[in-house]
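Beneath this line is the structure, given in structure tokens, with notes to follow.
The values are calculated or read from the model by the stated rules, or taken from the named source; none is laboratory data. Everything quoted here is computed from the prediction, not taken from an experiment. Here the Cβ positions follow ideal geometry from the backbone for every residue, glycine too, while neighbour counts run over all protein chains shown.
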Amino acid sequence: LLEAAIAKHSPSSSPASSFLDAFFAAYEDSGTAATTRGLHLLVHAYARLRLPGEALETCRYLAQRGIVPSLSAFNAALQSAQRIGAFSVAWEVFELMTQKRVYANQSTVELVIGVLSREGKLARIAALMERIHGTKCAPNIVAHVALTLKMIEEERVEEVILLLKRMLQRNILLDDIAYSLIVDVYCRIGDLKAAFDQRDDMVRRGCRLNSFVYTCLIRVHCCQQSVDKAVQLLQEMLSMGLKPYDATYSHLIAGCFRQGMVEEGLAYFDTMLHEGFVPDISNCNDMLGGLSNAGEVCKANDLLTAVMDRGLVPDKDTYQRLIDGYCIAGDAQGIVRIYHEMEHRGLNPGIEVFTTLIRGLCQCGNLKEAEKFLSVMKKKAVAPTSDLYDLLISSYCEKGNTKRAVWLYDRMMAETEKLVPSADTFMMLVRRVIKVKNSCSPNG
């Protein structure tokens, strides 16, 4: 009956909340508000219809009105999200049930582990837990740590710490894991004092320090341009018999490159490869960015080749970092070559890549090549922006090619998006046109 009612209600014509309002009002009017089974069944109905987003909305709706959905209702919503690959919804369901103190059973854990597996993150999370605790951890711990890490990445500091303390009280997480994650939270927001205080508190409570805690501290020092202190932490870590891992080296390498310590960074990179580690794509891109900004784009290219030989697959950001590097080096051929390599790998450049590429070619003085990429963008259905036209128009004005600048201005005005040049670009063009007319005047 509930599924039939949901099917008649069209989410496209009105939001699900209007249906929930009517359904909830019917319960209140009938005097059966205390009987919540029907409300829980509504979550099941949405889940059976493979509408996990609506099932999640229903869970939230009920929770806001003082009716916490049952464990089976949450599991139904979670299963529905997992089945159709709505992983972000699945994590929101798991977070909501944990916050509402509806604690996971074996079915919940199996569903969350399934989500992690399909996202390709299970092995990484499990390895991280082993790195912190020293031995493999139960699936229940892995599932809850994965949720915590997701919240940490979103920098929801107060929520994460509250959740971790609650998990400790319920013995869901082991002490060393929970305290290590709190160190990570403070490091993510750059609060070094709180991070070190938490580390010291771990020691006072009898928890063993681990490679993960040191890597978090090394990361934040490298991000804050304090590589010397990061190296001290590495030495302290080694003296305790703790082994660095891929992330430890990645942060040190990127930190060295950002501070122009190219040789030191490359030495750590060689050590990293020698020990059998390969950076993940995010850390690799940070390294490439650091080398490129240091004016060492050729070494960045060599570094990318080395990690690709070990199985790393580059993404759009990888190539954008290299294009940036060739822009800094003033190498127009290098810019175009990297673009074609990106194309060859089947990566579709978006507006960010095209903007970087065209800006770089303009800086190199290769305006004809830069202009060609406007046509390439059109073929790829990527709409040019006002900023791109501004770049080309101002570059042609600076080169003294007023005719081409005016032609681009006319083309800009003819765009279906009705683009408008910036005030500076427009005035530059006006001054160039006036100057040309004055120079052509018989009285000039």
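Below, the figures for the structure above:
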| read-out | value |
| --- | --- |
| Residue match in the stretch 276-296 (condition: part of a helix (DSSP H, G or I), among the hydroxyl-bearing types (Ser, Thr, Tyr), within 18 Å of the chain's Cα centre (by Cα) and modelled with pLDDT under 95) | yes |
| Near pairs, Cβ below 7 angstrom, 6+ apart or cross-chain, from the stretch 277-297 (in contact (Cβ under 8 Å) with a residue 24 or more places away in the chain and at negative phi) to any residue that is part of a loop (DSSP other than H, G, I, E, B) and of a type outside the set (A, V, I, L, M, F, W, C) | Phe277/Tyr245; Val278/Arg310; Val278/Gly311; Ile281/Asp315; Met287/Pro279; Ala294/Gly260 |
| Test: residue in the stretch 99-109 that is among the β-branched types (Val, Ile, Thr), in a helix (DSSP H, G or I) and surrounded by 22 or more Cβ atoms within 10 Å (Cβ to Cβ) | yes |
| Neighbours by Cβ (under 9 Å, 6+ apart or cross-chain): first from the stretch 387-402, under 13 Å from Leu361 (Cα atoms) and without any contact (Cβ under 8 Å) to a residue 24 or more places away in the chain; second β-branched (Val, Ile, Thr) and part of a helix (DSSP H, G or I) | none |
| Count of residues meeting criterion [crowded, with 18+ Cβ neighbours inside 10 Å and part of a helix (DSSP H, G or I)] in the stretch 134-146 | 7 |
| Some residue of the stretch 184-197 being in contact (Cβ under 8 Å) with a residue 40 or more places away in the chain and crowded, with 19+ Cβ neighbours inside 10 Å | no |
| Wholly within the stretch 352-444, helices (runs of 4 or more DSSP H) carrying at least 3 residues that are within 29 Å of the chain's Cα centre (by Cα) and within 24 Å of Gln320 (Cβ to Cβ) | 367-379, 386-399 |
| Single residue of Gln333, Gln363 found to be within 24 Å of Trp407 (Cα to Cα) and not charged (D, E, K, R) | Gln363 |
| All positions within the stretch 251-285 that are of a type in the set (D, E, K, R) and crowded, with 21+ Cβ neighbours inside 10 Å | none |
| Residues located in the stretch 297-311, provided they are surrounded by 14 or more Cβ atoms within 10 Å (Cβ to Cβ) and either touching a Cys at 6+ places or on another chain (Cβ under 6 Å) or among the polar types (S, T, N, Q) (or both) | Asn301, Val307 |
| Helices (runs of 4 or more DSSP H) fully within the stretch 175-246 counting 2 or more residues that are out of contact with any helix residue (DSSP H, G or I) (no Cβ under 9 Å at 6 or more places or on another chain) and more than 15 Å from Gly134 (Cα to Cα) | 192-204, 227-239 |
| Residues located in the stretch 312-346, provided they are of a type in the set (A, V, I, L, M), over 22 Å from the mean Cα position of the chain (by Cα) and buried (at least 22 other Cβ atoms within 10 Å of the Cβ) | Ile335, Ile338 |
| Verdict on Phe354 being among the hydrophobic types (A, V, I, L, M, F, W, C), surrounded by 20 or more Cβ atoms within 10 Å (Cβ to Cβ) and touching a Phe, Trp or Tyr at 6+ places or on another chain (Cβ under 9 Å) | yes |
| Lys165 more than 25 Å from Gly85 (Cα to Cα) and either small (Gly, Ala, Ser) or in a helix (DSSP H, G or I) (or both) | yes |
